[in-house]
Every structure is written in C-alpha cells, then in structure tokens.
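Only one structure is covered here, and it is reproduced in the block below.
The values are calculated or read from the model by the stated rules, or taken from the named source; none is laboratory data. None of the values given here were measured: they were computed from a predicted structure. Cβ sites come from the backbone with ideal geometry, for glycine too, and all protein chains shown count toward neighbours. Side chains included, ligands, DNA and RNA excluded: accessible areas come from the protein's heavy atoms. Shrake-Rupley method; radii C 1.70, N 1.55, O 1.52, S 1.80 Å.
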Amino acid sequence: MIFVTGGAGFIGSNFILDWLAQAAAEPVLNIDKLTYAGNPYNLEAVAGDARYAFVQADICDETAIATLLSRYRPRAIVHLAAESHVDRSIHSPDEFIRTNVNGTFNLLNRALHYWSTLPGPEQADFRFLHVSTDEVYGSLEPQSPPFSEDAPYTPNSLYSASKAASDHLVRAYHQTYGLPTLTTNCSNNYGPYHFPEKLIPLVIANALAGNPLPIYGDGMQIRDWLYVTDHCTALRTILAHGATGETYNIGGGNEQTNLHVVHTLCDILDELAARAQGSYRDLITFVKDRPGHDRRYAIDSGKLERTLGWQPAESFQSGIRKTVQWYLANGEWVRQVRSGAYLNWLRQQYGDHPPGALI
Ligand code: NAD
Ligand code: TYD
C-alpha cells in the first residue's frame, strides 16, 4: 500500500480519488490530523472501498507514525500534510513551523528507520514523495523567466519559508542517508474541494452569497494556475518514474493576474447563475494588500515534460469553468465548510470513526 499524509485536504483528497480511480491502484492509508482544513467527507465516495483506509494522526507524533509504518509496511509515502494558507501564516506562524518543518522531519526520520529495515527489493522500490510549492523560489520580476529547478530559494512568507525548510530536510535525508526521495514544487492549484479561504473558492462562495470579493492591493499579482487533477497526474507520474533525489517543477503555464482570475469567475457566474440585477463584477472590492505579498510566480515544467512526458490536460478556460460548475453543484459542501458545521456533523455522524476509518 501507499501512505498519503494530509489526504483529507484539498489536493490530498483529489489525489486519493484520482489514485483509486486507476484500475491497478495499490491501497491507500490516509493519515490526517483533521485540522480545520481536513474534511474526510471529501472522501465519502471511497469510504466503502476496500482499498481505502483512514487514520486520524498528527505527522509530528513519533509513536503513531512509527507504529503505522511497521504495521502497514508502505511501498511509498506521498507527503501532502501541511499548513498551507499564507494569510494564516502571517497571523500565527507557530503551527506552520510545527507541522511543515518538525512534522516533515519526524516523517523523514521515521521513514528512514523503517526503510533501513526493509529487505533489498522492497528497499529499492520505496519512495518518499514530498509535495511542495513554487513559493519557495520567492517573487519574480515581470520579465524574468519562469522558475526552473535551479532557481535559488528566496522564500518571503512564513508559509513558504517553512516549506523551503522542509524541502531542504528532504534533500539532506537523500544526500546523507540515501533515502529515496522525490520533491515536487507546484504552482497554485484550483478545482473541487478547495477550502474557501483561498482566492478562487473564496470568490465563488462570496459571489454566490452576495458578499464583497476582496482583491488585495492593485490585483495585478500574477500566479500560474494548475487544475488540481493535472497536479495529481503529475504526482502519479513522478512517483512511478521519477529519479530519486530529483526535484520536479509542476505548473500549468497559465500566468494570470488576480484581477483577471476574478473577472473570469464573475463572467462565468454571470452566465451560469445570473444575479437578479447587475454583474458579479459589481461586488469586487479592493482591500489593503497582504504584507510581503509576492508579485509574480511562474513555473517552468520543461524537465517534467521532457523527461517523464507529463502535460496538463486542462487549459485555464476549461479548468475554471469546471471549477465554477462544481461549486454550483455542491453548494451544501461550501455552506457546511464555511459554517464549521461539518466538523460538528462529522462528530455526530461518525463519532471517532470518520469515513474509511480503521477501527
Ligand atoms: P490543505 O490545507 O487543503 O490540506 C492540508 C491537509 O493536511 C489537511 O487535511 C490537514 O488536516 C492536514 N494536516 C495539517 N497539519 C497536519 C498534521 N500536523 N498532521 C497530519 N495532517 C495534517 O492543503 P492543500 O492545498 O491540499 O496542500 C497540500 C500540500 O500541497 C501542501 O503540502 C502544500 O504546501 C502543497 N501545495 C499546495 C498548493 C496549492 O495551491 N494548494 C500548491 C503547491 C503545493
Ligand atoms: P491564495 O489563494 O491565498 O494563494 P497564494 O497566496 O498561496 O498564492 O492567493 C492567491 C492570490 O490571490 C494571492 O496573490 C493573494 C490574492 N488574494 C486576494 O487578492 N484576495 C483574497 O481574498 C485572497 C484569499 C487572495
């Protein structure tokens, strides 16, 4: 089987759904602490699948991780668990250091102990896939080429600094102990199950509720947007064929200003869920900028495309339309997540055993 950490979050749940949709998929153990961002309900579709299991655990918990490794003997660990929201990292960085740095360290340390006890062939097959972000590379000037794997690390936020630290730890475990690691640095994802604190789901949810659409500063910051299932495909490809010790950048080749993203969302919503009066664009409100706000990210995925043949399937136009359609069809998910009611509901419904839980 494989372990997935953070599998109840946005990318993790998309990854598990995508993984189990493959005919020859190995079973998955989802290890997630269930912070505010973790929602096992995202995985209800596979809760009854014999290949899926869930355990609520903190990646910082040495005993829990060691026990799970020796009991289930995974072939790989796909490490997604993290604190992931830049705005939260500004207000309370402690959890970012604890989970992203100390948690990754604990996972690496336990994985090394486990890996070193494996017989030769299993040792050769084992992989530790560390999922990271393009934000570790810092901010690009308007005319600079996109980030390649050789770009220097210049993180500016507490989030990106904590992810950069975790990337360095992964590299050191490979260089020093030979742990067969893979690292990926991906651009901004969007798609189903995206927690509505991030730009795209927040704008859709606020628009449908008739609330202001907050744009930080002048809205001319640029992000490179990737549809989440394209990220999942890249992770599967890299896990299967990536060279150990290597880093792979993953991006959509879709550089857009925030203002353009919000205009696009408003225009699709005007078409699919028109307001009684006026356009959703009327709700756009410029607010105070984020401190240390990175101006531009852009990713060069050339290495992944050339060496492993990966290509994104979705354009920005097709992916963003699918995303709006998903949120329109899943209003109840958004309402529950925004109200916090889903946490109460989960407790009521499942007690200590969320969908797929190992009992
Ligand atoms: P998310 O915030 O939606 O989900 C994170 C998950 O990790 C949640 O389910 C949470 O409960 C779990 N978690 C948090 N702390 C934990 C702990 N101590 N122990 C166990 N589980 C814990 O995040 P996401 O957007 O799905 O991002 C997943 C990974 O991908 C992160 O490592 C992030 O840095 C990386 N990434 C995200 C993006 C993006 O655009 N969202 C882009 C590139 C890379
Ligand atoms: P976000 O989704 O938080 O991702 P990240 O900061 O990791 O790139 O933000 C994407 C961009 O949108 C970023 O430039 C900040 C901006 N933004 C807003 O303008 N308004 C908002 O309400 C949010 C959440 C983000």
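Report, as a whole number in µm² per second, the diffusion coefficient that Stokes-Einstein gives for the chain at 20 °C and 1.002 mPa s using the Kirkwood radius over alpha carbon pairs. Before the final figure, lay out the partial values.
On the way: Rh = 20.9 Å.
It diffuses with D of about 103 µm²/s by this estimate.
With r defined as the distance between the Cβ atoms of Thr67 and Ser318 and R0 fixed at 41 Å, what FRET efficiency is calculated, to the nearest 0.05? Don't jump to the answer; show the numbers that get you there.
Details: r = 44 Å, r/R0 = 1.06.
Calculated value: 0.40.
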ask   = Heavy-atom accessible area of Asp94 with all protein chains present, probe 1.4 Å, nearest 10 Å²?
value = 110
request  = Using 0.36 nm per residue of separation minus the Cα-Cα distance, give me the extension gain between Ala24 and Ala45 in nm, one decimal.
outcome  = 5.8 nm
query = Taking the simple approach of a point 7 Å from Cα along Cα-to-Cβ for both Ala274 and Arg98, what is their distance in nm?
reply = 5.0
request  = With θ set to phi - 60°, apply the Karplus curve 6.51 cos²θ - 1.76 cosθ + 1.60 along segment 301-317 and write out the HN-Hα couplings as whole Hz, x wherever there is a Gly or Pro.
outcome  = 8, x, 4, 5, 5, 6, 8, 10, x, 6, 9, x, 8, 9, 7, 4, 5
note = Carbon/sulfur accessible area of segment 2-350, % of total, 1.4 Å probe, equals 51
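Given segment 2-350, what percent of its DSSP beta bridges are antiparallel, to the nearest 5?
10
Sorted by accessible area with a 1.4 angstrom probe, largest first, how do His231, His168 fall? Can you show the working numbers first?
Numbers: His231 0, His168 95 Å².
Most to least solvent-accessible, the answer reads His168, His231.
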query = Taking 0.36 nm per residue of separation and subtracting the Cα-Cα distance, what length does fully extending Gln175 through Val287 add?
reply = 35.8 nm
note = Under 30 Å between C-alpha atoms, the lysine pairs in the chain lying 8 or more places apart or on different chains count 11
key: Phi to ³J(HN,Hα) by Karplus 6.51 cos²θ - 1.76 cosθ + 1.60 over segment 135-143, Hz, x for Gly, Pro   = 5, 5, 7, x, 10, 9, 6, x, 9
query = Each residue of segment 57-70 in turn: what ³J(HN,Hα) in whole Hz from Karplus with 6.51, -1.76, 1.60 and θ = phi - 60°, glycine and Pro shown as x?
reply = 8, 9, 5, 7, 7, 4, 5, 4, 5, 4, 5, 4, 5, 6
